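The values are calculated or read from the model by the stated rules, or taken from the named source; none is laboratory data. Fair warning: this is a prediction, and the values are worked out from it, not measured in the lab. Every residue, glycine as well, gets a Cβ built from its backbone with ideal geometry; the counts of neighbours run over all protein chains shown. With ligands, DNA and RNA removed, areas are computed over all heavy atoms of the protein, side chains included. Shrake-Rupley method; radii C 1.70, N 1.55, O 1.52, S 1.80 Å.
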Amino acid sequence: MTDARCVPGCEGGALYVESRPDLEQRLFGIIVAPFCWRQNEWVGLTFACSLHPLLASLLETIAKPLMLDTSRRFNTSGSRDLSTLSQNVALVKIGPRWGSAIVVNLGQSFRNERILLTCYHVVQKQTGSKLRIRFMLKGDLEPHHVDAIVFYATPPGQVYDVAVLLVDVTDRFRMPAGLTLSNKFVNEGDEMYVVGHGLFDDYAGLPASVTSGVISKVLYKNRKQVLIQSTCAVHPGMSGGALVNALTKHLSGVVVCNARDAVSGACYPHINLSIPSTILHPVLHHFAKYRDARIFDCLHDPDPTVTSYWQLGFNHCDKISSKL
């Protein structure tokens, strides 16, 4: 599956992979089906088949074998990096709804617990309750399910849609190392990844998917970044997912929602909003050091300008509903 832009009529076309560092484009697969629209939402994903197993199967059936050059292999270091990112984002399922949660690496502050970040609207009304979350570790064929406690969630109506989960790591399950929470500003044009469980819920048993894009907009208030917009594809289920710097692989934000046309109801996955990591970094590190839950009150920002930003400039009381 790829987020390369394809439309109906591309079936049978070629999928090329750009290998690094030589940036050589190599034939890798064949387009099977563009997945353009789903429930009035532009999805922008494409299903493709790898050519290597197809050609290998063909060689077994023809009388005179063709010479297939397999001496040059793709540089897979990039795919290893992405699978590492993917295993650090868990799937959170509550009834028919699901979302994503990010394992955060805060050093050795918590020996027996691990902190995960997600959104309030993913775990709403579950504060203090246990949730079942799912990980897919690199190399494993079966997912791992563990219990998490909703330790904190921002009250309804607050600007920053955040929840904190705690997982007991004394269990036999080996938790992922977690993503490093960045304390640096992002810049418009920075290459980014979004990692989350979009479109496919727990029944599919798939790892988190990764989409790519750039930072398209950053909004500031009092010299602080308060909102990040990216062009990565964000689909239902990616709420609470990770906005990751493609260069450093550090966590730069928590994905909250994509954009929806209020008139037609159409969603735009490539226009999405994230909470900057620079807002969360001092709060989480203070909590990890002192275990003082009162520090989360810093996330209750009543600033009308910031509220207006997150309502996409609308200065009214009606909330903009999110499909995620």
>> Yes or no: the stretch 285-305 includes at least one residue that is at positive phi and surrounded by fewer than 18 Cβ atoms within 10 Å (Cβ to Cβ).
In response: yes
> Out of the stretch 161-179, which residues are open to solvent by less than 50 Å² (accessible area, probe 1.4 Å), outside any loop (DSSP other than H, G, I, E, B) and not aliphatic (A, V, I, L, M)?
Replying inline: none
>> Filter the stretch 131-160 down to the residues that are in a strand (DSSP E or B), surrounded by 20 or more Cβ atoms within 10 Å (Cβ to Cβ) and of a type in the set (V, I, T) and list them by number.
In response: I133, V150
> In the set R38, R5, which member is modelled with pLDDT under 75, open to solvent by less than 90 Å² (accessible area, probe 1.4 Å), under 30 Å from V256 (Cα atoms) and of a type in the set (D, E, K, R)?
Replying inline: R38
> Assuming S86 fulfils every condition listed in (1) at pLDDT 80 or above; (2) assigned to a helix (DSSP H, G or I); (3) open to solvent by 50 Å² or more (accessible area, probe 1.4 Å) apart from one, which condition is it?
Replying inline: (3)
